[in-house]
Amino acid sequence: MRRSSKIKGLYFAIFMIVAALTSGHLVSAESNTIHVLVGGINEGDVTAPIVKDNVQMLPIGPILKITDISGGETVSRNATPLQSFVTFMGTCYKFTEGDTTVTEYVVDESSANFELTGQTYQLEKAAIFPYASEGAFVPLSFLEKIILETLDKDIEISSNQITIARLDSKRNQSHVFGSQEDLKKLQEEITSDKNNQGIVLAMKINSPWLLTLDDGGVFDSNDGSVSPIVSKGVTLLPIAPIVDRLGGKVEWSGSEHKITIKLDSQTLELWIDQKKALVKGEERILTVAPTVVKGRTMIPVRFVTENLGAIVRWDQASKIVMIYYGGAKEQETDLFTFDYKIAMLDTYKKSEENHVSLADAVENIQKEHAKIQYNNTDPLDYSGRLIHVGDVVGLGTFNGVVKGINGTKVLVYWNRASILVDKGKEEETALMFGINWLDKQWIEAKMVTIGK
């Protein structure tokens, strides 16, 4: 099935927790509207779902529009029966009133030409058009399918809101929707994947941050100066917080000046200022001896991690160390991701005494964003500031100049990339943020931030 690769993501809103696949709440038709939260932020209201024959039916067009501002819904009210065409991420879905079959089309870049893909879907309950001013309402299970396949996110319904959140799982390839047995099976697969996805850690020389793919914090919450260092060409790390993150433990014998590291079946014994070490009782020689810096035991990263069964990656240009353990697989985007996170955190913290975790930083940003009173006329940026033609705005690691304004949308010419983006890879990296590099692009004002 052909799909657009331009996933509209805001990296500064680091994707939130795994959402449940099913909900115990059925939303009645008594509510007029319901909030839609994406990544924990209220992005707008839609008509509340209704329940028909114990199946939750949702307004598909407005919900998908919130996650893809370039999409939309066109209802053919002159047709009998009624028909709806919903465009989302480069694909168009045709719904017919009273029909369980959904026809799929691919949309070209002009959004004016449609071509049949040959793909069809079967809804668990036929599409309905319950209100004269609304489009198609379809089963929740179809929305789950589309959002999971396209955004790797899940959709959850409660009594007063719809939540679209990150889903760490493999994609469900079934074209049969709504079966509780299918949902239970997928949920079990998600849990299994999560338990076996391994651990990835990243840190930077002379930087206090110890990060994972999902979150992170500082090596020492009481001393922001604790960080990895280089001694005689060897990277030394504060070992205790790293081993703790990997699920092991570190024991210290003051009388022997000895460090014992235990992780799964591995046991390492090292001594301060001695190059001798024992790995499962066998003697090994280190290039640089363990040492103590500001009360922290610093140990050669490669020797320790590799003897614990982990894989170490070192990037000379960025001075970033990445550790993969427990079956974790290295991804092409890992270095970019961690470099970006560290830059974001360094920018956010106001002083060495004001260290926050990545999750706290994101939460604080989102709380401020949630206070903003947006309207349907003013182009307000992510921080609530009014955008003007000629302003420089940013999204992710890219900046551009505002060339035009139409209501709450701004026309941006993207022509600037931060130093985090490799030369020659601007266009490829821009796609991660849904940006058209060296091109003009209409975008909702609240998705960007005015440059300082």
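The values are calculated or read from the model by the stated rules, or taken from the named source; none is laboratory data. Fair warning: this is a prediction, and the values are worked out from it, not measured in the lab. Backbone-built Cβ (ideal geometry, glycine too); neighbour counts: all protein chains shown.
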message = Restricting to region 252-289, name every residue that is under 37 Å from the mean Cα position of the chain (by Cα) and either surrounded by 12 or more Cβ atoms within 10 Å (Cβ to Cβ) or basic (Lys, Arg) (or both).
response = THR260, ILE261, LYS262, LEU263, ASP264, GLN266, THR267, LEU268
request  = Kindly indicate whether ILE147 is surrounded by 13 or more Cβ atoms within 10 Å (Cβ to Cβ) and at pLDDT below 90.
outcome  = yes
request  = For ASP214, indicate whether it is part of a loop (DSSP other than H, G, I, E, B) and assigned by TED's automatic domain parsing to the domain that holds TRP271.
outcome  = yes
Residues being at pLDDT below 90 and under 18 Å from the mean Cα position of the chain (by Cα) - total across region 198-210 = 2
message = Pairs please, first residue from region 439-452 and over 13 Å from LYS403 (Cβ atoms), second anywhere and part of a strand (DSSP E or B) and polar (S, T, N, Q), Cβ atoms under 8 Å, 6+ apart in sequence or on different chains.
response = GLY451/ASN399
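Looking at GLY233, GLY224, GLY248 in this structure, which one is modelled with pLDDT under 85 and either touching a strand residue (DSSP E or B) at 6+ places or on another chain (Cβ under 8 Å) or of a type in the set (A, V, I, L, M) (or both)?
Numbers: GLY233 fails: either touching a strand residue (DSSP E or B) at 6+ places or on another chain (Cβ under 8 Å) or of a type in the set (A, V, I, L, M) (or both); GLY248 fails: modelled with pLDDT under 85.
Criteria check complete, one pass: GLY224.
Going through ASP346, ASP339 one at a time, which residue ends up being part of a helix (DSSP H, G or I), at pLDDT below 85 and surrounded by 13 or more Cβ atoms within 10 Å (Cβ to Cβ)?
Exactly one of ASP346, ASP339 is part of a helix (DSSP H, G or I), at pLDDT below 85 and surrounded by 13 or more Cβ atoms within 10 Å (Cβ to Cβ), namely ASP339.
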message = Let me confirm something: among GLU73, GLU134, which residue is at pLDDT 80 or above, under 28 Å from ALA370 (Cβ atoms), assigned to a strand (DSSP E or B) and touching a strand residue (DSSP E or B) at 6+ places or on another chain (Cβ under 8 Å)?
response = GLU73
inquiry  = Taking the criterion of being assigned to a strand (DSSP E or B), more than 35 Å from the chain's Cα centre (by Cα) and farther than 21 Å from PHE219 by Cβ, would at least one residue in region 291-305 satisfy it?
reply    = no
task = Could you list, in sequence order, all residues of region 107-129 that are within 18 Å of VAL75 (Cα to Cα), surrounded by 13 or more Cβ atoms within 10 Å (Cβ to Cβ) and either in contact with a Lys or Arg (Cβ under 6 Å, 6 or more places away or on another chain) or modelled with pLDDT under 90 (or both)?
result = VAL107, SER111, PHE114
